[in-house]
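Q: To start, I am sharing the structure in question, which I have written as structure tokens.
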Amino acid sequence: MIFFEQLLNGLQFGMMLFMLAAGLTLIFGIMGVVNLTHGSFYMVGAYCAAYTISSTGSFLAGIVAALLGAGLYGVVVEVLVIRRLYKRDHLYQVLATLGLLFFTNEAVSIIFGRRPPLVNIPSALEGSITVMPGLPYPIIRLSFIVLGALVAVGLWYLVNRTRIGMLIRAGADDHEMVDALGVDIRKLYTIVFALGALLAGLAGVMAAPILAVEIGMGERILITTFVVIVIGGVGSVKGALVGALLVGMVDSLGRAFLPQLLGMVLSPVIAGPLAAGLASASIYVLMAVVLIVKPGGLYPARS
Amino acid sequence: MFKKIAVGALMCASTLAWAAPDSVEIGFITTLSTPAGYIGEDERDGFNLAIKQGDGQLGGIPISLIVEDDALKPANAKQTSDRLIQSGVQLFTGVNFSNVLAAVVPGVTRSGAFYVSLNPGPSVFAGKRCDPNYFVASYQNDAYHAAGGIAANSLGYKKVALLAPNYQAGRDAISGFKETFEGEVIAEIYTTLDQSDFSVEMARIRDLNPDAIYQFHPGGTGINFVKQYSAAGLTDTVPMVTPGFSLDLRMLEAVGDAAEGTYVTGIWSMDIDNPQSKKFVSDFQEEYGRLPTEYAMQAYDTAQLIGSALKAVDGDLSKKDDFRAALRKADFQSLRGDFRFNTNHHPIQDLYLMQIVKNEDGQLRPKLIREIASDYEDAYAASCEMPS
């Protein structure tokens, strides 16, 4: 039974990672921009939500505020900074987005203050339901899984079945040709960037009731998100989904069962810290193994 | 060019020193930026409150407080303290984290200056490496965790699971708890310092079904932990014991109702029935519009301790032996009530058990349950051979 619960935990963590990774992989894969500010969009979303929820009391309003706040901030960042860096080397992009990350952290602490705000679980999502006999699971975490699945389906539809999705794919393959055919590639890039920021903001508002809304919350998860998109293959939404679920599962199951496995052969004093170390390294081991077998990731967008 | 700059710098330095000829300078290096900045804010404000109440003086001596931000980086703090030592500052306090303190203290004491800690009291400086010019007015780091073990005993818990991040302070927390706990530790679960999701640990706790858990997670990780503990429905079935600084008032605001029922340990409670503590709480609230945390309390006590010693030497820090002897006496009215120094310059004080409950106004506050240890002293004093 505990195994199933840990599987659910892995699934939920994976879905959370997917919402962040989907945007990051599109921006990285299509626009070729290494965007360290992505974690900031997540934070901006969470803060906008926290502020709106505390002043209106409505979680739905919080979701809208998070999407608007993160999406708008994404547009501003793209137009003012990123747009100037498409033709530059990755190093310039890393430097600029790293600077933006610090800037955002300080800006948020000036606007909202340094004390982490409170976001309660909305009453509709409070409590647990029994998924299987003897296994109660918090509704808020289940809704995370459902929302992640909806986002996956929605993105699949957007990328594969709509005109804008077609342009996104075309832009990824050969953006000069798309430009030459009369498509405003700049506008397209802005839309992709805003979409990525929007998804990060959505992850932020969903995480707010169960995680601390604090300055720097995005950096904590950004590295793991990069691991996800490297495993999944840069630029592929499908890869992001598979990568996120893999990383979520490996991380959760590793943390859950490594201590017990090691505890069978070693004394608990050694097994505890050692297992914690191994579990936190497990996703990097996973990444290394995937890259040895498939250097471009599981589902590379471009060959 | 270089000469010009050097001359300019000298002039600046001399005008600065000229500004307040008779005041004692105190170097106050603390953490004001980063998410932990609220802690430094409370410490600075608590310290300033004491100065303000003395009309800019501590113990009748005018004070000029030099506040610097260390951004939680030991290297920053070390640089700042070196600079202040060179400009003649003889007395330091303010540092908020053990790792930063470890970078600052050796340089300060080696130069012959004094350091009075208002928050961390790491074990390294409490035992063999104790120093005549180093005082800790707050607590030795083990105190809170030892209190956790005593609290678990007194609450009748037999099987307890322990959780802490896998780093020095986390491992100290677990060993500190085990030192005083008499029941069985059924699991030691190590998390990571940057972990935000604890669902795995929650499932494990439910599976283990202990009588209680003891957890130590600082800052944001602590907020995450308590929120998710409640979301997992564990609050009702497995009681939680945690050190006070793992669920301070600011964190409590961010955690909300999820924290209700949690037991916290501490060296002070707002409910302690002594007039100076009551007055401090209401003065602090009036001045800053928020309730003081234990950090503010410690800073206020530190300011008073320093004041009592400055008074004894009439503000003359060159009388080092007299100043040291006066600090050792701890001749001030601590907000904690009983307070005296052990031979290793760490406090001997009482420990308290509190529980997070709603007060009459429906606000969550740590409510004093009882004193769980009287005159607690740390175990390191025995190995400290303090040169007199």
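Q: Restricted to segment B:166-188, and to residues that are over 27 Å from B:GLU377 (Cβ atoms) and more than 7 Å from chain A (Cβ to nearest Cβ), which residue is farthest from the chain's Cα centre (by Cα)?
A: Start the filter on segment B:166-188 by keeping residues that are over 27 Å from B:GLU377 (Cβ atoms), which leaves B:166, B:186-187.
With the extra rule that they be more than 7 Å from chain A (Cβ to nearest Cβ), the set shrinks to B:186-187.
Details: B:ILE186: 30, B:ALA187: 28 Å.
Within segment B:166-188, the match that is farthest from the chain's Cα centre (by Cα) is B:ILE186.
Q: Within segment A:184-212, how many residues are of a type outside the set (A, V, I, L, M, F, W, C), outside any loop (DSSP other than H, G, I, E, B) and more than 12 Å from A:VAL44 (Cα to Cα)? Steps first, answer last, please.
A: Here is the first cut: in segment A:184-212, the residues of a type outside the set (A, V, I, L, M, F, W, C) are A:184, A:186-187, A:189-190, A:196, A:201, A:204, A:209.
Filter once more, so that each one left must be outside any loop (DSSP other than H, G, I, E, B): A:186-187, A:189-190, A:196, A:201, A:204.
Those still in the list that are more than 12 Å from A:VAL44 (Cα to Cα) too: A:186-187, A:189-190, A:196.
The number of residues fulfilling the criteria is 5.
Q: Of the numbered conditions (1) in contact with a helix residue (DSSP H, G or I) (Cβ under 9 Å, 6 or more places away or on another chain); (2) modelled with pLDDT under 95, A:PRO295 fails exactly one; give the number of that condition.
A: (1)
Q: Limited to segment B:119-158, what total is found for residues that are part of a loop (DSSP other than H, G, I, E, B), over 16 Å from B:GLN215 (Cα atoms) and among the polar types (S, T, N, Q)?
A: Of the residues in segment B:119-158, 4 are part of a loop (DSSP other than H, G, I, E, B), over 16 Å from B:GLN215 (Cα atoms) and among the polar types (S, T, N, Q).
Residues are listed down the side, and each one gets a yes or a no for (1) buried (at least 24 other Cβ atoms within 10 Å of the Cβ); (2) within 14 Å of chain A (Cβ to nearest Cβ); (3) of a type in the set (D, E, K, R); (4) free of Cβ contacts under 8 Å to residues at least 24 places away in the same chain:
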| residue | (1), (2), (3), (4) |
| --- | --- |
| B:ALA231 | yes, yes, no, no |
| B:LEU234 | no, yes, no, no |
| B:SER246 | yes, yes, no, no |
| B:VAL255 | yes, yes, no, no |
| B:THR262 | yes, no, no, no |
| B:VAL281 | no, no, no, yes |
| B:TYR295 | yes, yes, no, no |
| B:THR302 | yes, no, no, no |
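Q: Identify, from the list A:ILE129, A:ILE121, A:ILE110, A:ILE145, the residue that is over 23 Å from A:MET31 (Cα atoms) and touching a Leu at 6+ places or on another chain (Cβ under 6 Å).
A: When all the criteria are applied, what remains is A:ILE145.
Q: Looking at (1) under 19 Å from the mean Cα position of the chain (by Cα); (2) in a strand (DSSP E or B), find the lone condition where B:ALA161 falls short.
A: So the condition that B:ALA161 fails would be (1).
Q: Condition test on A:LEU17, is it under 19 Å from A:SER236 (Cβ atoms), touching a helix residue (DSSP H, G or I) at 6+ places or on another chain (Cβ under 6 Å) and within 12 Å of chain B (Cβ to nearest Cβ)? Write out each step before concluding.
A: Details: under 19 Å from A:SER236 (Cβ atoms): yes; touching a helix residue (DSSP H, G or I) at 6+ places or on another chain (Cβ under 6 Å): yes; within 12 Å of chain B (Cβ to nearest Cβ): yes.
Here the answer is yes, as A:LEU17 does meet what is asked.
Q: If a residue must be within 14 Å of chain B (Cβ to nearest Cβ) and either more than 24 Å from B:GLN168 (Cα to Cα) or not hydroxyl-bearing (Ser, Thr, Tyr) (or both), how many such residues does segment A:265-303 contain? Before you say what the answer is, go through the steps one by one.
A: In the first step, residues of segment A:265-303 are kept if they are within 14 Å of chain B (Cβ to nearest Cβ); the result is A:266-284.
Still in the list and also either more than 24 Å from B:GLN168 (Cα to Cα) or not hydroxyl-bearing (Ser, Thr, Tyr) (or both): A:266, A:268-279, A:281, A:283.
Qualifying residue count, segment A:265-303: 15.
Q: Please enumerate the residues belonging to segment B:164-190 that are in contact with a Lys or Arg (Cβ under 8 Å, 6 or more places away or on another chain) and either β-branched (Val, Ile, Thr) or surrounded by fewer than 20 Cβ atoms within 10 Å (Cβ to Cβ) (or both).
A: B:GLY183, B:GLU184, B:VAL185, B:ILE186, B:ILE189
Q: Which of the following residues is touching a strand residue (DSSP E or B) at 6+ places or on another chain (Cβ under 6 Å) and closer than 24 Å to B:LEU249 by Cβ: B:ASN119, B:ASN96, B:ASN48? Quick ask: steps written out before the conclusion?
A: Details: B:ASN119 fails: touching a strand residue (DSSP E or B) at 6+ places or on another chain (Cβ under 6 Å); B:ASN48 fails: touching a strand residue (DSSP E or B) at 6+ places or on another chain (Cβ under 6 Å).
Among B:ASN119, B:ASN96, B:ASN48, only B:ASN96 is touching a strand residue (DSSP E or B) at 6+ places or on another chain (Cβ under 6 Å) and closer than 24 Å to B:LEU249 by Cβ.
Q: Sticking with this one: Kindly establish whether A:ALA107 is within 22 Å of A:ALA212 (Cβ to Cβ), out of contact with any Pro (no Cβ under 7 Å at 6 or more places or on another chain) and surrounded by 14 or more Cβ atoms within 10 Å (Cβ to Cβ). Don't jump to the end; show me each part of the working.
A: On the way: within 22 Å of A:ALA212 (Cβ to Cβ): yes; out of contact with any Pro (no Cβ under 7 Å at 6 or more places or on another chain): yes; surrounded by 14 or more Cβ atoms within 10 Å (Cβ to Cβ): yes.
Taking the combined requirement at face value, the residue satisfies it.
Q: Taking the condition over 21 Å from the mean Cα position of the chain (by Cα) and closer than 24 Å to B:LEU249 by Cβ, does B:GLU385 pass?
A: Details: over 21 Å from the mean Cα position of the chain (by Cα): yes; closer than 24 Å to B:LEU249 by Cβ: no.
It is false that B:GLU385 is over 21 Å from the mean Cα position of the chain (by Cα) and closer than 24 Å to B:LEU249 by Cβ.
Q: Examine segment A:1-13 for a residue that is aliphatic (A, V, I, L, M), assigned to a loop (DSSP other than H, G, I, E, B) and within 14 Å of chain B (Cβ to nearest Cβ), and state whether such a residue exists.
A: Step one: filter segment A:1-13 for residues aliphatic (A, V, I, L, M), giving A:1-2, A:7-8, A:11.
Keeping just the survivors that are assigned to a loop (DSSP other than H, G, I, E, B) gives A:1.
This time we only want the ones that are within 14 Å of chain B (Cβ to nearest Cβ), so: A:1.
Yes - at least one qualifying residue is present in segment A:1-13.
Q: Now, a different point. Considering only residues that are assigned to a helix (DSSP H, G or I) and more than 7 Å from chain A (Cβ to nearest Cβ), which ones fall in segment B:194-228?
A: Residues of segment B:194-228 that are assigned to a helix (DSSP H, G or I), as a first pass: B:199-208, B:219-228.
Within segment B:194-228, B:GLU201, B:MET202, B:ILE205, B:ARG206, B:LEU208, B:GLY219, B:THR221, B:GLY222, B:PHE225, B:VAL226 meet the criteria.
Q: Is it true that A:VAL205 is surrounded by 20 or more Cβ atoms within 10 Å (Cβ to Cβ) and touching a Leu at 6+ places or on another chain (Cβ under 6 Å)?
A: On the way: surrounded by 20 or more Cβ atoms within 10 Å (Cβ to Cβ): yes; touching a Leu at 6+ places or on another chain (Cβ under 6 Å): no.
Answer is no for this residue.
Q: Any idea which residue in segment A:239-262 is nearest to the other protein chains (Cβ to nearest Cβ), counting only those that are over 24 Å from A:MET19 (Cα atoms) and either among the acidic types (Asp, Glu) or surrounded by 17 or more Cβ atoms within 10 Å (Cβ to Cβ) (or both)? Please lay out each step first, then the result.
A: The initial filter retains those residues of segment A:239-262 that are over 24 Å from A:MET19 (Cα atoms), namely A:257-262.
Still in the running and either among the acidic types (Asp, Glu) or surrounded by 17 or more Cβ atoms within 10 Å (Cβ to Cβ) (or both): A:257-259, A:262.
Values: A:PHE257: 9, A:LEU258: 10, A:PRO259: 7, A:LEU262: 11 Å.
Residue satisfying both the conditions and the ranking: A:PRO259.
Q: Among what's in segment A:86-107 and is touching a Leu at 6+ places or on another chain (Cβ under 8 Å) and free of Cβ contacts under 8 Å to residues at least 60 places away in the same chain, pick the residue that is nearest to A:MET16 (Cα to Cα). Working first, answer last.
A: Applying the first criterion (touching a Leu at 6+ places or on another chain (Cβ under 8 Å)) to segment A:86-107 yields A:92-94, A:96-98, A:100-101.
Next, only the ones that are free of Cβ contacts under 8 Å to residues at least 60 places away in the same chain stay: A:92, A:96.
On the way: A:TYR92: 29, A:ALA96: 26 Å.
My answer is A:ALA96.
Q: Report, by residue number, each residue of segment A:100-119 that is within 9 Å of chain B (Cβ to nearest Cβ) and either among the aromatic types (Phe, Trp, Tyr) or over 10 Å from A:GLY216 (Cβ atoms) (or both).
A: A:GLU106, A:GLY113, A:ARG114, A:ARG115, A:PRO116, A:PRO117, A:LEU118, A:VAL119
Q: For the structure I just gave you, tell me whether B:ALA146 is more than 14 Å from chain A (Cβ to nearest Cβ), aliphatic (A, V, I, L, M), at negative phi and more than 20 Å from the chain's Cα centre (by Cα).
A: In short, no.
Q: Does B:TYR300 count as modelled with pLDDT of 95 or more and in contact with a helix residue (DSSP H, G or I) (Cβ under 7 Å, 6 or more places away or on another chain)? It would help to see each step written out before you state the result.
A: Values: modelled with pLDDT of 95 or more: yes; in contact with a helix residue (DSSP H, G or I) (Cβ under 7 Å, 6 or more places away or on another chain): yes.
Here the answer is yes, as B:TYR300 does meet what is asked.
Q: Scanning segment B:57-86 for residues that are on the phi > 0 side of the Ramachandran plot and either over 21 Å from the mean Cα position of the chain (by Cα) or basic (Lys, Arg) (or both), which turns out surrounded by the fewest Cβ atoms within 10 Å (Cβ to Cβ)?
A: Keep residues of segment B:57-86 that are on the phi > 0 side of the Ramachandran plot, which gives B:59-60, B:71-72.
Now restrict to residues that are either over 21 Å from the mean Cα position of the chain (by Cα) or basic (Lys, Arg) (or both): B:59-60.
Numbers: B:GLY59: 24, B:GLY60: 12.
Selected residue: B:GLY60.
Q: Could you please find all residues in segment A:146-170 being over 21 Å from A:LEU241 (Cβ atoms) and surrounded by 11 or more Cβ atoms within 10 Å (Cβ to Cβ)?
A: So the first thing to find is which residues in segment A:146-170 are over 21 Å from A:LEU241 (Cβ atoms), and the list is A:163, A:167, A:170.
Of everything in segment A:146-170, those that are over 21 Å from A:LEU241 (Cβ atoms) and surrounded by 11 or more Cβ atoms within 10 Å (Cβ to Cβ) turn out to be A:LEU167, A:ALA170.
The values are calculated or read from the model by the stated rules, or taken from the named source; none is laboratory data. Note that this is a predicted model, so its numbers are computed, not measured. Don't worry about glycine lacking a Cβ; one is built from the backbone with ideal geometry, like all the others, and counts go over all protein chains shown.
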